[in-house]
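Here is the structure we will look at, set down as structure tokens.
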Amino acid sequence: ADIPKDQPRKAHNIVLLVDVSGSMHGWDRLDLLVQGFKNFVKGLDQGDRISIVTYAGSSGVALKPTTCDQKNIILDALSGLASGGSTNGIGGIKMAYELAEQYYDPQFNNRIILATDGDFNVGISSPNELEEYISTKRGKGIYLTALGFGMGNYRNDILERLADRGDGNHFYINDLKSCDQVLSGDIGNLINIARDVKLNVEFNPAFVTSYRLIGYENRLMPAKDFNDDTKDGGEMGYSHSVIAVYEITRG
């Protein structure tokens, strides 16, 4: 479904969680991220609210929640971001959720946008600590969008799992065009129409002897969990669609 043309979208309460560690240095990482976020902010409405949290060796609030009638303040804060240091991912994510919760409004689109190359190498006591923490925040009305930048040490697997646990989505950004499309071109990327969507597919055994889902393997769930609302499903935004591809053996 699309947002009705006579109905304004929800106002944004967005926390930009920006990785400013040393590995984010470069035109295809922090430089691209800053320019993409500037373009995003320039197109926002006056009532939208933006905060910025940075993380490297330590975490901090680079910009307290600021409404977009003061875009110059937000743009200046983005211009001031610089890379350096090692990565403490868990500290930054906790701070971002605390800020999003402090200014949470059920009438707003409450979302954290994480921007990183995914190279979390400091501050995580176990590989699953980030996922476990984000899982505790699921279902509370704050969504997570993970944007991946750079190549080489880019960890697509980590970011995809974090977005999965955080009622959100994940995108790889390789140029300004793709960044603008994700943040501004498709509003469904940032505003959900449904959460915990589950698809139930049944094949007639008279015609199909075996089948295999291609893609989404990490989202498979036992049949007994399908009607259990406590089990995590997928999220869908406005105008989005889902395609499930199966390999089948005909009977």
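The values are calculated or read from the model by the stated rules, or taken from the named source; none is laboratory data. Given the structure is predicted, the values throughout are model-derived calculations rather than measurements. We place every Cβ from the backbone using ideal geometry, glycine too, and count neighbours over all the protein chains shown. Heads up: the accessible areas ignore ligands, DNA and RNA and are worked out on the full protein's heavy atoms, side chains in. Shrake-Rupley method; radii C 1.70, N 1.55, O 1.52, S 1.80 Å.
Observations, loosely collected:
- Summarising the label geometry, the points placed 7 Å from Cα in the beta-carbon direction at E202 and E247 lie 2.6 nm from one another.
- Residues whose amide H lies under 5 Å from that of I112, counting only those 5 or more places away or on a different chain, are V15, Y143, L144, T145; hydrogens are built 1.01 Å from N in the peptide plane.
- Taking a Cβ cut-off of under 11 Å around I173, the surrounding Lys, Arg, Asp and Glu residues balance to a net charge of -2, with basic ones at +1 and acidic ones at -1.
- Accessible heavy-atom area order of K42, K94, K71, highest first, probe of 1.4 Å: K42, K94, K71
- Within the shell defined by Cβ-Cβ distances under 13 Å, the residues around I50 carry a net charge of +2, with Lys and Arg each +1 and Asp and Glu each -1.
- A simple spin-label model places the labels of V61 and N174 3.8 nm from each other, with each point 7 Å out along Cα-to-Cβ.
- Each other residue within a Cβ distance under 15 Å of V15 adds +1 if Lys or Arg and -1 if Asp or Glu, for a net charge of 0.
- What the Cβ-Cβ distance of R9 and T136 gives, at R0 = 22 Å and to the nearest 0.05, is a FRET efficiency of 0.20.
- Amide H contacts of L63: I52, each under 5 Å away and 5 or more positions distant or on a separate chain (H built 1.01 Å from N in the peptide plane; Pro and chain starts excluded).
- In terms of distances greater than 22 angstrom between alpha carbons, the cross-link table entries K94/K137; K71/K94; K42/K177; K71/K137; K42/K94; K94/K140 yield K71/K94; K71/K137; K42/K94.
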